[in-house]
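The following block contains the structure, expressed as structure tokens.
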Amino acid sequence: MGYLSQPSDHSNMKPISLAKIDENGGLCSYASWLGKHPSVLDNFDEVMKVAEGKEIVVFLDYDGTLSPIVDDPDKAYMSDAMRAAVREVAYCFPTAIVSGRRKDKVYEFVKLRNVYYAGSHGMDISTPLGSSKCEDQKHQIKCVDEKGNHVVHFHPAKEFLPTIQEIIKVLKENTRRIKGSMIEDNMFCVTVHYRCVKNEEDVSVLREMVESIMKPHTNFHISSGKKVMEIRPNVNWDKGRALMYLLHTLGFDNFNNVLPLYIGDDRTDEDAFKVIRRIGHGFPIVVSSIAKETEASFSLRDPSDVLAFLLRLTKWKKNLLHKTK
């Protein structure tokens, strides 16, 4: 079940975790889909048997995972119960939150100091040491924060910042007439929200407008999410590479002893799931209440399931420590 052992040939791995397509070309039922992506909560004891003696590192998406998807992205608050659960998980395991949001915005929501934060789909990471295995060291900037602590900022898309600000300005000027649309500055990427755009014709106009504005910017690409358009620079970086960077930063170079556990609900989280598949063991967990194509091995239905799983994970770790005393 899942990817819990090292395969001999990654290049020949078959996409066994993709949701099936029925004879009419549609996705299979959710119940059938669960057969391929079982609930990690319902199968907790069986799944965690392989984790004894291993080092689990926890990676969490934010929107749709730790908080519900809401109409106003500025009000995507996590519950106090979820915050307490994440705090406890971070006491038990190295924990990072990897989000498409800008890093400081995610911190405003989470407000925890015992977790690592990676914003802008992993293009904005701050850690105490950085990574010696980073291919391009110029993207790592060493400095001292306001409390006198040494910190390394990793910004692989820094050169695009001036252009991103220009794009945001033009987008805001041109999308004002589309009622319900919103442009969110996520530092190294831009999110165009249309969840509150009620008219489908306006959504089509918005899409055409964004595509037209971005056409001259050949160093950027547009991707789709949950009622959003994501504009990102063409850099060889994503949430999967952010996961690897953070593992190296935390000193986990021997993948035989580490089990990355990644929980996310968005299309961008698939890059992290793919990396765990390549590593050959770990827990790629998708948050979804519908059947959809995914590289994840396991699933959780919604943020309430995520909360229940995190609480159980903490309890499992504490029981394990108690047994070894």
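The values are calculated or read from the model by the stated rules, or taken from the named source; none is laboratory data. Not measured: the values here are computed from a predicted model. We place every Cβ from the backbone using ideal geometry, glycine too, and count neighbours over all the protein chains shown. All accessible areas refer to the heavy atoms of the entire protein, side chains included, with ligands and DNA or RNA removed. Shrake-Rupley method; radii C 1.70, N 1.55, O 1.52, S 1.80 Å.
Right, Val287: within 13 Å of Pro38 (Cα to Cα) and among the hydrophobic types (A, V, I, L, M, F, W, C) or not? Can you show your working first?
Values: within 13 Å of Pro38 (Cα to Cα): yes; among the hydrophobic types (A, V, I, L, M, F, W, C): yes.
Considered against the rule, which asks whether it is within 13 Å of Pro38 (Cα to Cα) and among the hydrophobic types (A, V, I, L, M, F, W, C), Val287 comes out as yes.
Need a quick list: strands (runs of 3 or more DSSP E) entirely within the stretch 112-230 having at least 1 residues that are under 29 Å from Ala85 (Cβ atoms), modelled with pLDDT under 95 and among the small types (Gly, Ala, Ser). Give the steps one after another, and end with the answer.
Values: elements: 116-119, 124-127, 140-144, 150-154, 182-185, 190-193, 220-224.
Passing ranges, in order: 124-127.
OK, next. Thr95 passes all but one of (1) in contact with a Phe, Trp or Tyr (Cβ under 9 Å, 6 or more places away or on another chain); (2) at positive phi; which number fails?
Here Thr95 clears every test but (2).
Go through the stretch 68-106 and report how many residues are more than 30 Å from Gly180 (Cβ to Cβ), in contact (Cβ under 8 Å) with a residue 12 or more places away in the chain and either assigned to a helix (DSSP H, G or I) or open to solvent by less than 20 Å² (accessible area, probe 1.4 Å) (or both).
Here the count works out to 12.
Suppose the filter is buried (at least 18 other Cβ atoms within 10 Å of the Cβ) and under 24 Å from the mean Cα position of the chain (by Cα); does Leu161 pass it?
Working: buried (at least 18 other Cβ atoms within 10 Å of the Cβ): no; under 24 Å from the mean Cα position of the chain (by Cα): yes.
Judged against the criteria, Leu161 is not a match.
Continuing with this model, one more query. Output the residues belonging to the stretch 291-325 that are over 10 Å from Leu41 (Cα atoms) and of a type in the set (Ser, Thr, Tyr).
Of everything in the stretch 291-325, those that are over 10 Å from Leu41 (Cα atoms) and of a type in the set (Ser, Thr, Tyr) turn out to be Thr294, Ser297, Ser304, Thr314, Thr324.
Here's the yes/no breakdown for (1) surrounded by fewer than 24 Cβ atoms within 10 Å (Cβ to Cβ); (2) within 18 Å of Ala90 (Cα to Cα):
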| residue | (1), (2) |
| --- | --- |
| Met244 | yes, no |
| Asp253 | yes, no |
| Gly264 | no, yes |
| Asp271 | yes, no |
| Ile279 | yes, no |
| Ser288 | yes, no |
| Lys315 | yes, yes |
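Could you grab the pairs with beta carbons closer than 7 Å, sequence gap of 6+ or different chains, first residue in the stretch 302-313 and within 17 Å of Leu34 (Cα to Cα), second one among the polar types (S, T, N, Q) and open to solvent by 40 Å² or more (accessible area, probe 1.4 Å)?
Note: pairs meeting the criteria are Asp302/Ser289.
A further question follows. Taking into account only those residues within the stretch 26-51 that are out of contact with any helix residue (DSSP H, G or I) (no Cβ under 7 Å at 6 or more places or on another chain) and in a loop (DSSP other than H, G, I, E, B), which is most open to solvent (accessible area, probe 1.4 Å)?
Only one residue fits best here, namely Asp42.
Scan the stretch 166-185 residue by residue and report those that are open to solvent by less than 90 Å² (accessible area, probe 1.4 Å), closer than 22 Å to Lys103 by Cβ and out of contact with any Ser or Thr (no Cβ under 7 Å at 6 or more places or on another chain).
Ile167, Ile168, Leu171, Met182, Asp185
Scan the stretch 33-50 and report the pairs whose first residue is closer than 17 Å to Pro260 by Cα and whose second residue is part of a loop (DSSP other than H, G, I, E, B) and open to solvent by less than 20 Å² (accessible area, probe 1.4 Å), with Cβ atoms within less than 6 Å and a gap of 6+ or a chain change.
Taking only residues 6 or more apart or on different chains, the pairs are Val47/Val40.
Right, something else. Scanning for something within 12 Å of Gly100 (Cβ to Cβ), open to solvent by 10 Å² or more (accessible area, probe 1.4 Å) and touching a residue at least 40 places away in the same chain (Cβ under 8 Å), does the stretch 198-215 turn up at least one residue? Steps first, answer last, please.
So the first thing to find is which residues in the stretch 198-215 are within 12 Å of Gly100 (Cβ to Cβ), and the list is none.
No: zero hits.
Does the stretch 298-311 contain at least one residue that is farther than 18 Å from Thr268 by Cβ and part of a loop (DSSP other than H, G, I, E, B)? Break it down into steps so the answer makes sense when it comes.
Residues of the stretch 298-311 farther than 18 Å from Thr268 by Cβ: 298, 301-302, 304-305, 307-311.
Cutting the leftovers down to part of a loop (DSSP other than H, G, I, E, B) gives us 301-302.
Yes, that holds for at least one residue.
Which numbered condition in (1) surrounded by fewer than 17 Cβ atoms within 10 Å (Cβ to Cβ); (2) at pLDDT below 90 is the only one that Gly2 fails?
All conditions pass for Gly2, except number (1).
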